[in-house]
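Just below is one structure, and these are the notes that go with it.
The values are calculated or read from the model by the stated rules, or taken from the named source; none is laboratory data. Keep in mind the model is a prediction, meaning the values are calculated, not measured. Here the Cβ is made from the backbone with ideal geometry for all residues, glycine too, and neighbour counts use every protein chain on show. Only protein heavy atoms, including side chains, enter the accessible area calculation; ligands, DNA and RNA are left aside. Shrake-Rupley method; radii C 1.70, N 1.55, O 1.52, S 1.80 Å.
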Amino acid sequence: MTITQRPKVFFKTFGCRTNIYDTEFMMGRLKEFEITNNECEAGVIVVNSCTVTNGADSGVRNYISRQNRNGKKIIFAGCGAETRGAELFSQTKVFGVIGHKEKENINELLLSPAPFQKLGTITAMPKQPIKTYHNRCKAFIKIQEGCDFSCSYCIIPQARGKARSQDESNIIEEITSLTNIGYKEFVLTGTNTGSYGKDKGTALGALLKKLSKINGVKRIRLGSIEPVQIDESFREILNESWLERHLHIAIQHTDERMLKIMRRRNNFKRDLALFEELSSLGFALGTDFIVGHPGESEEIWQNALVNFKKLPLTHLHAFCYSKRDGTLSANMKQIVNGSNAKSRLKELQSIVSQNNFDFRQKKTFLEVLIEEKKGDFYTGFDQFYNRIFLKTSQDLSGKWINVDKYEAKREGNYAAF
Ligand code: SF4
């Protein structure tokens, strides 16, 4: 009896946590294919792309060119499929293009003998829950998709469509099936996570309360949310023990004029009050910040810096503005030169890295999920979303541990066990 070797597929994931979820989702849909973690032995490579900046686009394109030279069959998925799919397909750089709507049909599409382009409408929300996660001890759960905001620099609403929420029953079913196989930590993600429920007459806070009651759920983490989305239902769960003690709330800038130019819905006065309120509850706080956006004059920058220093931030995801064709900002004048933008970025990063170090100096009890072993150290994140490195002879993979003696160093906390 001959055993036919199933074709091997490698998934290359670019971008955000939502893409990590989408990759797992597509992996879970494959039947006639074998998933490999080894790129070289794969005949087919599914590129789950990101298109948030021109830089992200070129990174994906370079990868595809490299794998084309290695003779791989490339299937193009993710946000780039919606914005660049047709172009790469017409250039025969990719064998297949799979839009967000078509991810659930990936098995059938990969069986196609002929090149294909399947984009479909970006209004859909796949209903099939993820049953397991490959190589991970925490699970990313996509609770919503798309965005109704219109930030001037952002292409995502065009790539992911309007905001729409996953059915609450699907989310509960997904988390329940994952707790049944031992998962305890869940990261709720989406394109604009905080807009969950708007289209279903509910809200993120109400969902979190329900999810926390699922047997086996130990800790819930959240993707990035918007300041304007911290409502009463969310405030009700702030002191719950199952909620991580870290929140990432995207402000993008700290000068009111810049926030208007960027068409942001938040304003600095309210943001500062919100961050002070959350910090007083003991939260570690992170944010997003774009430096060097067109219009960021020296005067605006100096004012933004003064305001930025008032924020009790411990984590920062900041980057230099990167033009994205198809956005409003791409046609704006008053460009900020690159080296100025880079030095402004450095200034913000050093402020927050010092804040983070000071925050970790305040010795406290840490609850850690060990995610992997790196060299001599086991490593994972505590409830404040700070990394810890543990030296021990025990096997701690995937274990939950409590730490109250540790040394805070610049790159993280260290402890021996
Ligand atoms: S909130 Fe703004 S930055 Fe975030 S995805 Fe929506 S449009 Fe883009």
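Some points to look at:
- The single condition among (1) buried (at least 22 other Cβ atoms within 10 Å of the Cβ); (2) on the phi < 0 side of the Ramachandran plot; (3) under 24 Å from the mean Cα position of the chain (by Cα) that residue 78 does not meet is (2).
- Filter result for the condition that a residue is surrounded by fewer than 21 Cβ atoms within 10 Å (Cβ to Cβ) and either in contact (Cβ under 8 Å) with a residue 12 or more places away in the chain or closer than 23 Å to residue 157 by Cα (or both), over 193, 202: 202
- In the set (1) without any contact (Cβ under 8 Å) to a residue 40 or more places away in the chain; (2) under 20 Å from residue 153 (Cβ atoms), residue 280 fails one condition alone, (2).
- Extreme residue, nearest to residue 300 (Cα to Cα), among residues of the stretch 232-259 that are open to solvent by 10 Å² or more (accessible area, probe 1.4 Å) and within 16 Å of the ligand (Cβ to nearest atom): 252
- Candidates 339, 343, 279 - the one that is open to solvent by 30 Å² or more (accessible area, probe 1.4 Å) and in contact with a Pro (Cβ under 7 Å, 6 or more places away or on another chain): 279
- Taking the criterion of being assigned to a helix (DSSP H, G or I) and not hydrophobic (A, V, I, L, M, F, W, C), the residues of the stretch 6-45 that qualify are 17, 18, 19, 21, 22, 23, 24, 28, 29, 39, 41.
- Evaluation of residue 181 against (1) surrounded by fewer than 22 Cβ atoms within 10 Å (Cβ to Cβ); (2) under 20 Å from the mean Cα position of the chain (by Cα); (3) at pLDDT below 95; (4) at negative phi (one fails), failing number: (2)
Every residue, every condition in (1) at pLDDT below 95; (2) open to solvent by 20 Å² or more (accessible area, probe 1.4 Å); (3) within 15 Å of the chain's Cα centre (by Cα), yes or no:
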| position | (1), (2), (3) |
| --- | --- |
| 1 | yes, yes, no |
| 5 | yes, yes, no |
| 10 | no, yes, no |
| 16 | yes, yes, yes |
| 21 | yes, no, yes |
| 26 | yes, no, no |
| 29 | yes, yes, no |
| 37 | yes, yes, no |
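Yes or no, residue by residue, for (1) more than 30 Å from residue 330 (Cα to Cα); (2) without any contact (Cβ under 8 Å) to a residue 60 or more places away in the chain; (3) within 16 Å of the ligand (Cβ to nearest atom):
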{"position": "141", "(1), (2), (3)": "yes, no, no"}
{"position": "147", "(1), (2), (3)": "no, yes, yes"}
{"position": "158", "(1), (2), (3)": "no, no, yes"}
{"position": "162", "(1), (2), (3)": "no, yes, yes"}
{"position": "166", "(1), (2), (3)": "yes, yes, no"}
{"position": "173", "(1), (2), (3)": "yes, yes, no"}
{"position": "177", "(1), (2), (3)": "yes, yes, no"}
{"position": "180", "(1), (2), (3)": "yes, yes, no"}
{"position": "219", "(1), (2), (3)": "yes, no, no"}
